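Here's the structure, in structure tokens; my notes come after.
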Amino acid sequence: MDYTKTLLLIVSIISSLLLSINAVPTTRSVIPSYGASSPTASRAGSLIGLSTIFKNAQAKATQVIRVNPKLISFCKNTENPTLCAETINPYFQGQFNPIVALETEIKATLNQSLKVSNIIAQSLDHPSKESVSALKICKSRYKNIVHTIKEALKLLNQQNVVDAYYKFSTVMEDRSSCENAITESSCENPFAEESLIVYQLGGNCMAILDGIINNNLRF
């Protein structure tokens, strides 16, 4: 009998202790296990995730730091300064050269125009009745745009920035002509976003050329 009472007393004490432990509030954050089979594995998984996030954030911060101040100044008065810096910065090497930077932006405009030309060609494979005429106009205009940009690059290589500026003025006019044709046809523009980038890159080139011509860009 005494033995039974003693055993019940021990069980009662242990139960009380367990209840008191579970009742203690905690201020620690609850970290999901992510399917880990043990607390150690869960912690390791969490640390790996945090490490990856930190490295990615650090890499992005490093990219921002590496943008040359002269490039920021070079792009600040363009149509889209952020796009200007993003397109030139990956090719930036050594001492800053405004002509080389401009050439890079012109080539970016050329590549984007070729992209639009390809979309137009694909759209003409199965066009709607309403869009045929507009797409044909755009095909012609972008053919001119590609040719004119190539001419502007040649002029830039000859240090003829004045005529290169006027070439880009023609590029912007041809692009607007295409956009107007699409608008008048009331059909959906299959390259609206791509064309906007052409406008922004072309505007960047014109602003840079204007700055060089009028000595507003000093390095």
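A short reminder: the numbers here are calculations on the coordinates, not readings from a lab. The structure displayed is predicted, hence computed values, not measured ones. Please note: Cβ atoms are built from the backbone with ideal geometry, for glycine as well, and neighbour counts cover all protein chains shown.
The phi torsions of the range 146-154, fed into the Karplus equation with coefficients 6.51, -1.76 and 1.60 and a -60° offset, translate into couplings of 4, 5, 5, 5, 4, 5, 4, 5, 5 Hz, rounded to whole numbers, with Gly and Pro shown as x. Taking θ as phi - 60° and the Karplus parameters 6.51, -1.76 and 1.60, the scalar couplings of the range 167-178 work out to 4, 6, 5, 5, 4, 5, 5, 5, 5, 5, 4, 5 Hz in sequence order, x denoting glycine and proline.
From least to most packed, judged by other beta carbons within 10 angstrom and beginning with the fewest, Phe191, Phe96 follow the order Phe96, Phe191. If you plug the beta carbon distance of Glu151 and Gln122 into 1/(1 + (r/R0)^6) with R0 = 30 Å, you get a FRET efficiency near 0.70.
Tell me which of Tyr199, Asn160, Leu71 sits at the most positive position along the dipole axis of the range 69-213, charges placed on C-beta atoms (Lys, Arg +1; Asp, Glu -1). Of the listed residues, the answer is Asn160.
Rounded to the nearest whole Hz, the Karplus-based 3J(HN,Hα) values (6.51 cos²θ - 1.76 cosθ + 1.60, θ = phi - 60°) of the range 127-141 follow the sequence x, 7, 4, 6, 9, 4, 4, 5, 5, 5, 4, 5, 4, 5, 5, with x at glycine and proline.
How large is the dipole of the range 69-213 about the Cα centre if only Lys and Arg carry +1 and Asp and Glu carry -1, each at its Cβ, rounded to the nearest 20 debye? Don't skip to the end; give the middle numbers.
Details: 13 positive and 16 negative charges, 74 e Å.
For this selection, approximately 360 debye.
Which pairs, out of Lys107/Lys150; Lys115/Lys139; Lys70/Lys154; Lys76/Lys150; Lys107/Lys136, put more than 20 Å between their alpha-carbon atoms?
Over 20 Å Cα-Cα: Lys70/Lys154; Lys76/Lys150; Lys107/Lys136.
The peptide list 131-140, 180-189, put in order of mean Cβ contacts within 10 Å with the highest first, becomes 131-140, 180-189.
A crude spin-label estimate for the pair Asn180 and Leu114, with each label 7 Å from Cα along the Cβ direction, gives 2.9 nm.
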